[in-house]
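**Student:** Below: one structure in structure tokens.
Read-outs throughout are calculated quantities, based only on the coordinates presented, and are distinct from any laboratory measurement. Since we're looking at a predicted model, the values are computed, not measured. With ideal geometry, Cβ positions are generated from the backbone for all residues, glycine too; neighbour counts draw on all protein chains shown.
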Amino acid sequence: MLTKSVSTFSLYRQQQTNLQRLNSDFATVNQEVASQRKSDISASAGPRTQELVESRGEIGRIDVFLANIETFESRASLMDAALTDIDEAVQDLMSQIVTNTPEPSVGVSGLPEAARGALDAINNALNLSLGGRSLFSGAQIDVAPMQNPETVNPASLLSPYDVMTAANLGAPYPPLTAPDAALAIAAIDDVFDGTNAATPQSFEQTFYNGAAGPSTINAEIGDGLQLDYGIAADDPALRQVLQGVYMLATVDMDALAGSPAYTDYVDAALARVSAGVADLRDVQGRLGFQQQQAAEAKEGLQTSRAFLVNTVVDLEVADPVEAQTRFEAIERQLDAAYAATVRASRLRLTNYL
Amino acid sequence: MSLTLALQSAKSGLITSQNQTAMASDNIANALTPGYVAREGSNSSVTVNGFGAGVASTISRRPVDEFLLRDIRFEASTLAGVAYEAEGLSVVTQVTGQPDEGRSVAAALAALEEAFLQLTTTPESASVQQGVLDAANVAVGRIQDQQAAIQSAREQADQTIFAGVNEVNDALGRLEELNERVVSEAAAGRDVSALLDERDRQLDRISEQIGIRSYTRENGELVVTTREGATLLDGAAARLEFTPSSAAPPGSALGAPLSGLTVNGADITPTGGGAQGAGSGKIAGAFAVRDEIMPQLQLQADELARGLIETFEGQDASLPPGAAGLFTDAGAAYSGVVTGLAGRIGVNAAVDPSAGGALWRLRDGVGAVVQGPPGETAQVSAFIDGFSAAQAFDPAAGLAGTDSLRGFASSIVADQQSRRVGAEDKAESASFRFDALETRRLSDNGVNIDEETAFLLQLEQAYAANAQVVQTVNRMLDDLLARIG
């Protein structure tokens with residue numbers, strides 16, 4: 001049998017290489033045991049590395065979406081409560097108006113005061129803020145949207161009550177005849193419906209301090225999923241409610257009550273208030289639907305997040321049992337390799353001479 | 001057989017033992033010398049007129065398997081080349097980081113998008129706006145870091161090529177001298193084992209740098225060529241020529257102004273596309289890093305920068321035509337020159353209060369002259385849409401030709417890590433193959449100390465026996481002289 005010689009250098013080199021490899025593996029698995037993470041995540045993830053990077057990015061976005069939903073829920077519930085307050089205040093007023101139509105009743109002189117009370121409640125609700133941010137002023141969140149009825153607005157140098165006078169309306173006020181009633185109603189319509197938005201006597205210049213234009217608040221609650229919710233105080237529904245309330249709050253009821261203008265004027269106020277309230281309920285309904293959408297989105301996001309976290313864990317976290325097993329196996333191998341190296345170093349012929 | 005013949009035989013035995021003792025001690029002394037080929041002795045009996053007259057020994061170098069050496073040098077070249085590629089890629093992936101380290105361009109872009117998403121909820125908040133600015137600065141910094149790492153890897157590769165060329169030229173010079181000595185010493189019948197060992201060591205040095213083939217002429221002269229056929233040594237040593245560059249900025253390429261590789265004027269540039277372009281070795285690996293791998297990674301970084309600049313220019317409704325958006329090309333709008341854009345990208349000073357800008361422009365648009373309503377989010381939503389909108393990227397970057405900004409950034413990270421891991425796996429495989437062959441070479445040609453020690457014991461006994469013969473013959477001769485004297 002041919003016995004092949006093995007060179008001493010070759011043996012040393014093999015031992016050295018083996019020990020180097022074992023030590024390197026030992027350092028790797030030691031790090032994994034200590035950190036509970038794979039030592040080279042990209043190497044172990046392989047073709048799923050991009051999926052891992054994208055999953056981490058998505059988790060970050062989901063966390064922001066969840067925070068956005070939480071903020072939306074706070075704002076939406078406050079807005080809903082405010083709209084409910086407005087609804088209740090207006091319902092009280094409407095029931096008093098109804099008892100005074102088509103003819104004034106004994107208590108008609110109390111109608112303006114009731115209207116002013118409702119106006120205060122409406123303005124307080126619309127001037128609601130959360131964290132210093134007005135909820136009903138559109139994008140101009142740094143100002144309260146509704147002007148105090150008795151305070152002069154610097155933009156127009158008029159107060160809302162100033163506008164509701166004959167001089168500023170350019171119509172008989174209080175109206176005392178049916179034709180006067182038609183004129184007064186048309187003039188007040190012009191104030192509130194945006195026809196003459198640039199004039200000082202308009203709703204935009206005197207009554208409302210918020211931003212013009214689209215009045216919804218934006219909430220990013222998912223990739224490509226945006227909620228535009230809420231309402232600003234210059235929304236047509238609220239304008240109608242405010243118009244009806246102002247019509248009753250500022251008119252000289254003693255003069256109006258006994259005139260032929262009474263029925264047309266009060267009916268017009270009631271019509272605007274009730275139309276506005278009906279539209280406001282639609283807005284509340286939409287808000288409620290959006291709250292439900294947000295809740296569903298939240299649930300979906302939480303499920304997605306849990307799945308993504310599992311993906312990340314699966315790709316990054318070292319299985320502690322497996323790592324410990326490998327650790328022990330390599331430890332045994334190293335032990336054996338060191339023992340073999342020491343014993344082999346003693347097996348020299350010169351040691352026996 | 002006479003006493004004289006006996007004495008002669010014993011003397012030859014003593015000489016043989018001495019020679020072989022010297023050989024064994026030489027072997028033992030060089031047992032751990034890399035490249036040393038064990039000497040072995042062979043004895044043959046001497047006869048004079050049909051009578052035994054002792055022993056003659058010849059010491060020679062153990063036969064070397066030239067095919068094994070060829071395979072080893074092939075694997076050495078392959079290993080050196082792929083190991084260098086892995087090293088070059090790790091320079092860049094150190095900057096990129098692992099997916100969990102959050103240091104990559106993808107992580108920076110994700111953080112920027114999250115900052116904008118937070119801004120939609122509180123667009124009026126100066127601290128949230130500052131968060132967006134900070135995230136934008138981090139994103140720019142990461143892209144610039146990528147370019148710096150890529151440029152550093154290219155410059156290191158250029159220096160490595162230069163060092164490798166010097167190494168090869170030095171080794172070829174030594175080989176030329178060794179060739180002359182081997183030829184002359186062999187012609188004079190002298191032992192050239194040490195010279196052959198040294199020649200093999202020089203060939204090993206060269207094969208790490210560039211893949212070679214070699215053969216030996218009958219007279220012992222070595223001829224060396226590259227694996228692709230360019231002559232490196234045939235009588236006179238050829239000279240490799242390479243001019244190192246002081247810098248390898250983006251856009252620099254082979255010939256403009258980066259040097260190629262020639263040998264005695266003939267082009268053997270690995271990345272030159274020529275028939276004799278060197279295909280293996282550390283030099284080839286360094287050329288691949290300098291001229292192919294890093295330029296593609298540079299293009300990836302440049303394309304990402306372009307995507308970011310153009311997205312924010314396109315999505316910003318406040319910008320007049322030709323104006324720079326949130327991200328700029330050296331302070332201005334995108335110039336149309338993508339090369340090196342990763343180093344030129346910056347954040348527009350118009351949004352930075354420390355540079356005379358205003359944070360609210362992150363909400364209202366970089367071109368906004370007056371501050372808009374604090375609750376306005378339309379522009380912010382437009383910026384966010386830009387992260388997920390599909391756009392075209394240069395296919396030469398080696399990634400998808402159409403992707404979102406977010407997706408492209410992720411694929412850069414994945415591609416870089418994948419290349420690094422692939423190169424390391426190739427290097428590890430090559431290392432295993434090289435180690436296996438080298439172990440076999442060492443076993444075939446190396447020295448076993450125990451065997452040499454045992455042999456010495458035998459030689460000691462043989463020497464003692466021959467000395468005894470000399471002593472005995474001497475006594476016999478003395479006896480004879482005493483009786484006839």
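**Student:** Rounded, prolate or oblate, given the Cα gyration tensor of the stretch A:68-211, with a/c below 1.5 counting as rounded?
**Tutor:** Values: a/c = 2.57, a/b = 1.39, b/c = 1.85.
Because a/c hits 1.5 or more and a/b fails to exceed b/c, the stretch A:68-211 counts as oblate.
**Student:** Another question about this same structure. If all Cα-Cα distances of the stretch B:66-142 are sorted into 10 Å bins from 0 onward, what percent lands in each bin, rounded to whole numbers?
**Tutor:** Calculated over all Cα pairs of the stretch B:66-142, the distribution is 18, 26, 19, 13, 11, 8, 4, 1 percent.
**Student:** Starting from the Cα gyration tensor of the stretch B:1-81, take the square roots of the eigenvalues, sort them a ≥ b ≥ c, and report rounded, prolate or oblate (rounded when a/c is under 1.5, otherwise prolate if a/b is larger than b/c, else oblate). Intermediate values should be presented prior to the final figure.
**Tutor:** Numbers: a/c = 10.04, a/b = 2.83, b/c = 3.55.
The shape class here is oblate.
**Student:** Further question on the same structure: Can you give the % of DSSP beta bridges in the protein assembly as shown that are antiparallel, to the nearest 5? Show your work: numbers first, answer last.
**Tutor:** Values: 40 of 42 bridges.
In the protein assembly as shown, DSSP labels about 95 percent of beta bridges as antiparallel.
**Student:** Report, in deg cm²/dmol and to the nearest 500, the calculated mean residue ellipticity at 222 nm for the protein assembly as shown, where each DSSP H run with n ≥ 4 adds -39500 (n - 2.57) and the sum is divided by the residue count.
**Tutor:** On the way: 23 runs with 503 residues, N = 838.
The per-residue figure over the protein assembly as shown is -21000 deg cm²/dmol.
**Student:** Could you state the orientation-averaged shadow area of the convex hull built on the Cα atoms of the protein assembly as shown, in nm² to one decimal? Present the calculation step by step, with values, prior to reporting the outcome.
**Tutor:** Details: hull surface 207.7 nm².
Mean projected area for the protein assembly as shown: 51.9 nm², to one decimal.
**Student:** Long-range amide H contacts for residue A:37: which residues qualify at under 5 Å (H placed 1.01 Å from N, peptide plane, sequence gap of 5 or more or a different chain)?
**Tutor:** A:318
**Student:** Next question. Can you tell me what share of the DSSP beta bridges in chain B is antiparallel? A percent to the nearest 5 is fine. Show your work: numbers first, answer last.
**Tutor:** Working: 30 of 32 bridges.
Roughly 95 percent of the beta bridges in chain B run antiparallel, per DSSP.
**Student:** log₁₀ I(q)/I(0) of the stretch A:11-55 at q = 0.27, 0.30, 0.31 Å⁻¹, via Debye over equal Cα point scatterers, no solvent, to two decimals?
**Tutor:** One equal scatterer on each Cα of the stretch A:11-55 leads to -0.89, -0.95, -0.97.
**Student:** Moving on to the next point. Taking only complete DSSP H runs, can you tell me which helices of chain B stretch 30 Å or more along their own long axis by Cα positions and average at least -0.5 on the Kyte-Doolittle scale?
**Tutor:** Working: long enough: B:3-29 (38 Å, 0.17); B:66-96 (44 Å, 0.44); B:126-187 (90 Å, -0.21); B:405-445 (59 Å, -0.70); B:449-484 (52 Å, 0.17).
Qualifying helices, which must be both long enough and hydrophobic enough, are B:3-29, B:66-96, B:126-187, B:449-484.
**Student:** Moving on. Other chains near B:119-130: what is the mean number of their Cβ atoms within 10 Å of each residue's Cβ? Please list the in-between numbers first.
**Tutor:** Details: counts 1, 9, 12, 5, 4, 6, 3, 0, 0, 0, 0, 0.
Across B:119-130, the average partner-chain Cβ count within 10 Å equals 3.
**Student:** Taking the Cα centre of the stretch A:162-254 as origin and charging only Cβ (+1 Lys, Arg; -1 Asp, Glu), how large is the dipole, in debye to the nearest 20? The partial results should precede the final answer.
**Tutor:** Numbers: 1 positive and 13 negative charges, 27 e Å.
Around 140 debye, computed over the stretch A:162-254.
**Student:** How much length is gained on full extension from residue A:286 to residue A:307, taking 0.36 nm per residue of separation minus their Cα-Cα distance?
**Tutor:** 4.4 nm
**Student:** Let me ask something else about it. State the answer as a single residue: which of B:436, A:123, A:31 lies farthest towards the positive end of the charge dipole of the protein assembly as shown, with beta carbon charges of +1 for Lys and Arg and -1 for Asp and Glu, about the Cα centre.
**Tutor:** Farthest towards the positive pole: B:436.
**Student:** So, in Å, what gap is there between the alpha-carbon centers of the stretch A:56-113 and the stretch B:204-239?
**Tutor:** 92
**Student:** Please compute the Kirkwood hydrodynamic radius over the stretch A:297-353, one decimal place, Å, based on all pairs of different Cα atoms.
**Tutor:** Taking the inverse mean of 1/r over all distinct Cα pairs, the stretch A:297-353 comes out at 15.7 Å.
**Student:** Compute the long axis of helix A:236-250 from its Cα atoms, compare it with the longest principal axis of the Cα atoms of chain A, and write down the angle in degrees, 0 to 90, nearest 10.
**Tutor:** 40
**Student:** Could you pull out every residue, at least 5 positions away or on a different chain, whose amide H is within less than 5 Å of the one on residue B:404? Hs are placed 1.01 Å off N in the peptide plane, and Pro or chain starts have none.
**Tutor:** B:391
**Student:** Using amide H atoms built 1.01 Å from N in the peptide plane, name the residues 5+ places from residue B:448, or on other chains, whose amide H lies under 5 Å from its own.
**Tutor:** A:8
**Student:** Bin width 10 Å, origin at 0, all Cα-Cα pairs of chain A: what percent of pairs per bin?
**Tutor:** Using 10 Å bins, I get a P(r) of 5, 18, 18, 12, 9, 7, 7, 6, 6, 4, 3, 2, 1, 0 for chain A.
**Student:** Assuming a ≥ b ≥ c are the square roots of the Cα gyration tensor eigenvalues, decide whether chain B counts as rounded (a/c under 1.5), prolate (otherwise, with a/b larger than b/c) or oblate. Intermediate values should be presented prior to the final figure.
**Tutor:** Numbers: a/c = 5.23, a/b = 3.45, b/c = 1.52.
It is prolate, given that a/c is not under 1.5 and a/b is the larger ratio.
**Student:** Placing unit charges on C-beta atoms (Lys and Arg positive, Asp and Glu negative, everything else neutral), compute the dipole magnitude of the stretch A:287-353 about its Cα centre in debye, rounded to 20.
**Tutor:** Details: 7 positive and 9 negative charges, 122 e Å.
Using only the charged Cβ atoms, the result is roughly 580 debye.
**Student:** For peptide B:32-39, compute the average count of partner chain beta-carbon atoms within 10 Å of each residue's beta-carbon.
**Tutor:** Details: counts 5, 1, 2, 1, 2, 0, 3, 0.
Per residue, the average neighbour count from other chains is 2.
**Student:** Follow-up. Any idea what angle helix A:320-346 forms with the longest principal axis of chain A, computed on alpha-carbon atoms, 0 to 90 degrees, nearest 10?
**Tutor:** The angle comes out near 20 degrees.
**Student:** Choose one of B:455, B:81, B:138: the residue whose Cα lies farthest towards the positive end of the charge dipole of the protein assembly as shown (beta-carbon charges +1 Lys, Arg; -1 Asp, Glu; about the Cα centre).
**Tutor:** Among B:455, B:81, B:138, the one farthest towards the positive end of the dipole of the protein assembly as shown is B:455.
**Student:** Per-residue mean of other chain beta-carbon atoms within 10 angstrom of the beta-carbon, peptide B:373-384?
**Tutor:** Working: counts 11, 8, 14, 8, 7, 4, 0, 2, 3, 0, 0, 5.
Per-residue shielding by partner chains comes out at 5.
**Student:** If you don't mind, another one. Please state the relative contact order of chain A as a whole percent: Cα pairs under 8 Å, 6+ residues apart? Working shown, then result.
**Tutor:** Numbers: 456 pairs, mean separation 85.8, N = 353.
That works out to 24 percent.
**Student:** Through the Karplus equation 6.51 cos²θ - 1.76 cosθ + 1.60, θ set to phi - 60°, convert the phi angles of the stretch A:58-66 into ³J(HN,Hα) values in whole Hz; use x for Gly and Pro.
**Tutor:** With coefficients 6.51, -1.76 and 1.60, one gets 5, 4, x, 5, 4, 4, 5, 4, 5 Hz.
**Student:** Moving to a separate point now. Rounding to the nearest 10 and keeping the result within 0 to 90°, find how far the Cα-based axis of helix A:111-126 lies from the longest principal axis of chain A.
**Tutor:** Once rounded, the angle reads 20 degrees.
**Student:** Taking only the alpha-carbon atoms of the stretch A:199-335, what semi-axes of the equivalent ellipsoid follow from 5 times the gyration tensor eigenvalues under a square root, in whole Å, largest first? Before the final figure, lay out each step's value.
**Tutor:** On the way: eigenvalues 888, 42, 19 Å².
The three semi-axes for the stretch A:199-335 are 67, 15, 10 Å.
**Student:** Once the Cα gyration tensor of the stretch B:330-405 is diagonalised, what are the square roots of 5 times its eigenvalues, in whole Å and ordered largest first, as equivalent ellipsoid semi-axes?
**Tutor:** Values: eigenvalues 158, 66, 13 Å².
Equivalent ellipsoid of the stretch B:330-405: 28, 18, 8 Å, largest first.
**Student:** So what's the gap between the Cα centers of the stretch B:333-397 and the stretch A:273-324, to the nearest angstrom?
**Tutor:** So the separation of the two Cα centres works out to 29 Å.
**Student:** Where nothing but the Cβ of Lys and Arg (+1) and of Asp and Glu (-1) is charged, how large is the charge dipole of the protein assembly as shown around its Cα centre, in debye to the nearest 20?
**Tutor:** Values: 56 positive and 107 negative charges, 1043 e Å.
So the dipole magnitude of the protein assembly as shown works out to roughly 5000 debye.
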